[in-house]
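Laboratory data are not the source of any read-out in this text; all were calculated from the coordinates shown. Just so it is clear, the structure is predicted and the values come from calculations on it, not from any experiment. Neighbour counts run over all protein chains shown; Cβ positions are idealised from the backbone, glycine included.
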Amino acid sequence: MRRPWFVGALLTGALLLAGCGDPASGRDVAAPLPETTHQRAAASPTAAPSPPPTTAPVVLYLGDSLAMENQNVLGQELRRDLRARYTSAPYSGTTLCDYLEGTGERSLVPDTDKAAALVRGLRPDVVVLQFWGNSWGYTPCMDGITYAGSRERYLERYTADARRLTEQIAAAGGARRPAIVWVLQGPDPMTPERVRLVNRVYEEQAAASKDAVADAGRAVSLASDRYTWTRHLPCTAYERAHPGYCTEPGRGRTALHRDDDHLHFCLAPTTSTPKPCPVRSPGILRLAREITRAVAERTGH
């Protein structure tokens, strides 16, 4: 989903390509994730979220190219801190409607990896959803509705899709309805107000269905201004103590984005094939740690 900034804001915002550089060794990149299987189970759309599990939680992670680049590091954090059983199925360039059942050929996600299908097969305790809010020509299930074209129609549609996705996940979970954690996004350099409004959709949906949010976006934002984009932030104590995470130790700051990509957090060069980020990237670790904290809080771990 990543495109160099000079090719234009439209392609950058589209999130179509999520490729990072060639895989590199290192303890901070988890092993390849196992393939999933899908099994049918009874569904009840009105079931409440299941109580916190007493054993290691089962976590399912869905999303767009931000989730694509994050997925291995998030898995690493969840397994280490919560001993979680973890599966991810992100698709670059997607939006909420791509994971809805019934979207057919207009979706970028195959039927086997729709949110409800994966919930029926994996029986997760938590479903983590991370979406930047794509609405371009690359997301046909949005039916041409874009933020630039009509902010009102975009938010109305996005709100409806968030509700439908919640309902489908709940129905697929049945008596073991999984909790949903909506990941709040970081600042958008092109349309700052859009991200604020999308995050509000997530917060309102989580409140309505008694689910949760993970404000991961705050971890990659200025302390003084949650919605103003920045390329660098001051290094944390952890980043200063771990080589590679504080990218400019002499200046006490670390890079969140590459110079040619104002949106993604992987510091490796782009490739044409979407894949998890293969290098240490401070922004990705910050996001993953906040998501892990929210999952731990939700599951009681």
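Listing LYS114, LYS210 from the residue with the fewest other Cβ atoms within 10 Å to the one with the most, what is the order? Mind showing how you got there, number by number?
Numbers: LYS114 25, LYS210 10.
Ascending Cβ contact count within 10 Å gives the list LYS210, LYS114.
Taking amide H as placed 1.01 Å from N in the peptide plane, VAL128 has its amide H under 5 Å from the amide H of LEU60, TYR61, LEU62, VAL181, each at least 5 places away in sequence or on another chain. Please label the shape of the stretch 177-247 as rounded, prolate or oblate, based on the square roots a ≥ b ≥ c of the eigenvalues of the alpha-carbon gyration tensor (a/c under 1.5 means rounded; beyond that, a/b larger than b/c means prolate, else oblate). It comes out oblate by the Cα gyration axes. With 5 Å bins beginning at zero, the pair-distance distribution over Cα atoms of the stretch 214-270 amounts to 4, 19, 26, 27, 19, 5, 0 %. A crude spin-label estimate for the pair THR112 and ALA160, with each label 7 Å from Cα along the Cβ direction, gives 3.1 nm.
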